[in-house]
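K.L.:
Submitted below is the structure of interest, expressed as structure tokens.
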Amino acid sequence: MPGWEARVLAGTYDVIVSEPKTAKGRRSVTLDATTVDVLRVHRKRQLEERLAAGSGWTDSALVFTREDGTPLHLTRCRNGGNGP
């Protein structure tokens, strides 16, 4: 799975999917049991959103998306969900 980066350009944004730039960019991250549980709950909710969206779902392969599968705007992630 390639890595990804998000760019904000003049009030718009693009999500760029690409390979990591360096070997250090590809690494495993150890998660504690609580985080794994939260991610499992999130995944279940996301699968429900996917079913509800039907053909309107965009399969972005991202963990955190809007209700239709499209990428979250970067400022929403940085501002605790209070961005555009």
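K.L.:
Tell me, what HN-Hα J-couplings in whole Hz come from the Karplus equation 6.51 cos²θ - 1.76 cosθ + 1.60 at θ = phi - 60° for each residue of the stretch 61-68, using x for Gly and Pro?
P.N.:
So the J values, rounded to whole Hz, are 6, 8, 6, 10, 9, 6, 4, 9.
K.L.:
I'd like the Karplus ³J(HN,Hα) series for the stretch 43-53: coefficients 6.51, -1.76, 1.60, θ = phi - 60°, whole numbers in Hz, and an x wherever there's a Gly or Pro.
P.N.:
4, 4, 5, 5, 5, 5, 5, 4, 4, 5, 6
Only the coordinates and a few stated rules stand behind these numbers; no lab work does. It should be emphasised that the depicted structure is a prediction, and the values quoted were computed from it without experimental measurement.
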